[in-house]
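K.L.:
Below is one structure. I have some questions about it.
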C-alpha cells in the first residue's frame with residue numbers, strides 16, 4: 001500500500017509502520033483532512049517521510065496551512081513530538097495522557113476527548129468516545145478506547161483500535177468469506193466494573209450505527225483502509241451491527257457480574 005492514500009474528497013490516509021519487537025509491522029496511521037472552510041487538519045501523529053511531507057505541502061499549499069494536529073488515541077504517542085516539529089504552527093490537541101507524557105509541548109487547553117472541542121472542526125468532522133468503558137486504563141496494554149472521527153464529506157470513519165478490520169484468511173477466502181469489522185479484543189477488560197456500564201456501551205454502539213452507519217470507508221490504525229465494497233455491503237451499518245452482536249456474550253457476562 002502507498003504511504004498516502006486519497007480515500008475520498010478531502011480525506012487522505014497516511015499509512016505508517018509500527019513494529020512489534022522490531023519484526024512484525026502491525027502498522028499505524030494518521031490522516032490529512034480538508035474542512036469546508038479551507039483549513040486542513042491532521043488526525044493523529046506520524047513522522048512524515050520527505051515524500052509524504054512534500055505531498056502534504058502540495059495538497060495544502062504549505063505547512064502553515066495545517067491548522068491543527070488532533071491526537072485521538074491516548075496510547076498512540078510515539079510520533080507526537082516529531083509531528084509537532086514538522087508542523088510547528090498547527091494548534092496541538094491531545095488527550096489527557098498525551099499532555100501527561102509531553103508536558104513541555106504547547107498543548108491547547110481543551111482535551112481531544114472533551115465534547116466542548118469537537119464543534120471547532122464541524123460540520124465536516126464529527127467525534128465520539130465509547131461509553132461504558134475506561135478511556136485511559138492503568139494497564140497500558142488495553143488499547144480499546146479512542147476518540148473516533150467521522151469525516152462526513154468523504155464518508156470516512158477514522159478509528160484507532162476501537163474497531164479493527166478482520167480479513168478472512170486463506171481458508172476463509174476459499175469458503176467465500178469476506179473481510180468484516182470487529183470491536184477490539186480488549187473490550188471485556190475495559191468495561192467499567194459498575195452497574196449500567198454494559199447498557200451505556202450498547203446504547204453508544206447503537207447510536208453510532210444510526211449516526212455513522214452510512215459511511216463508505218473505514219481507516220483503521222493497524223490494518224486497513226476498508227471500503228464497503230470489500231464487505232459486500234452498501235454501507236457500514238450492517239457490519240457495525242454484526243460487530244456488536246458478536247461481542248454480546250462479553251457484554252452479558254459483564255452485566256451478570258456487575259449489573
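K.L.:
What number of residues within region 101-126 are in contact with a helix residue (DSSP H, G or I) (Cβ under 8 Å, 6 or more places away or on another chain), buried (at least 17 other Cβ atoms within 10 Å of the Cβ), in contact (Cβ under 8 Å) with a residue 24 or more places away in the chain and not in a loop (DSSP other than H, G, I, E, B)?
P.N.:
The qualifying residues number 2.
K.L.:
Mind checking whether some residue in region 60-78 is part of a helix (DSSP H, G or I), in contact with a helix residue (DSSP H, G or I) (Cβ under 7 Å, 6 or more places away or on another chain), in contact (Cβ under 8 Å) with a residue 12 or more places away in the chain and closer than 14 Å to residue 30 by Cβ?
P.N.:
Checked region 60-78: no residue is part of a helix (DSSP H, G or I), in contact with a helix residue (DSSP H, G or I) (Cβ under 7 Å, 6 or more places away or on another chain), in contact (Cβ under 8 Å) with a residue 12 or more places away in the chain and closer than 14 Å to residue 30 by Cβ.
K.L.:
When region 220-232 is examined, which residues are found to be touching a strand residue (DSSP E or B) at 6+ places or on another chain (Cβ under 8 Å) and either surrounded by fewer than 21 Cβ atoms within 10 Å (Cβ to Cβ) or modelled with pLDDT of 95 or more (or both)?
P.N.:
Across region 220-232, the qualifying residues are 222, 223, 225, 227, 228, 231.
K.L.:
Would you mind stating whether residue 5 is in a strand (DSSP E or B) and either modelled with pLDDT of 95 or more or within 26 Å of residue 115 (Cβ to Cβ) (or both)?
P.N.:
no
K.L.:
Here are some residues: 69, 59. Which one is at pLDDT 95 or above, touching a strand residue (DSSP E or B) at 6+ places or on another chain (Cβ under 7 Å) and farther than 27 Å from residue 115 by Cα? Before you say what the answer is, go through the steps one by one.
P.N.:
Numbers: 69 fails: farther than 27 Å from residue 115 by Cα.
Sole residue among the options that is at pLDDT 95 or above, touching a strand residue (DSSP E or B) at 6+ places or on another chain (Cβ under 7 Å) and farther than 27 Å from residue 115 by Cα: 59.
K.L.:
Restricting attention to region 18-38, and to residues there that are modelled with pLDDT of 90 or more, on the phi < 0 side of the Ramachandran plot and surrounded by fewer than 16 Cβ atoms within 10 Å (Cβ to Cβ), which single residue is nearest to the chain's Cα centre (by Cα)?
P.N.:
36
K.L.:
Sticking with this one: Is region 39-52 home to any residue that is outside any loop (DSSP other than H, G, I, E, B), modelled with pLDDT under 95 and either buried (at least 22 other Cβ atoms within 10 Å of the Cβ) or touching a strand residue (DSSP E or B) at 6+ places or on another chain (Cβ under 8 Å) (or both)?
P.N.:
yes
Yes/no matrix, rows are residues, columns are (1) assigned to a helix (DSSP H, G or I); (2) surrounded by 14 or more Cβ atoms within 10 Å (Cβ to Cβ):
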position	(1), (2)
189	yes, yes
195	no, no
198	yes, yes
203	yes, no
208	yes, yes
218	no, yes
234	no, no
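K.L.:
Take the conditions within 16 Å of the chain's Cα centre (by Cα), within 20 Å of residue 161 (Cβ to Cβ) and assigned to a helix (DSSP H, G or I) and apply them to residue 98. Does it pass?
P.N.:
So residue 98 passes the test.
K.L.:
Examine region 239-247 for a residue that is in a loop (DSSP other than H, G, I, E, B) and within 17 Å of the chain's Cα centre (by Cα), and state whether such a residue exists.
P.N.:
no
The values are calculated or read from the model by the stated rules, or taken from the named source; none is laboratory data. Treat the numbers as computed from the prediction; the structure is a model and nothing was measured. Because the Cβ atoms are built from the backbone with ideal geometry, glycine has one as well, and the counts that use them run over all protein chains shown.
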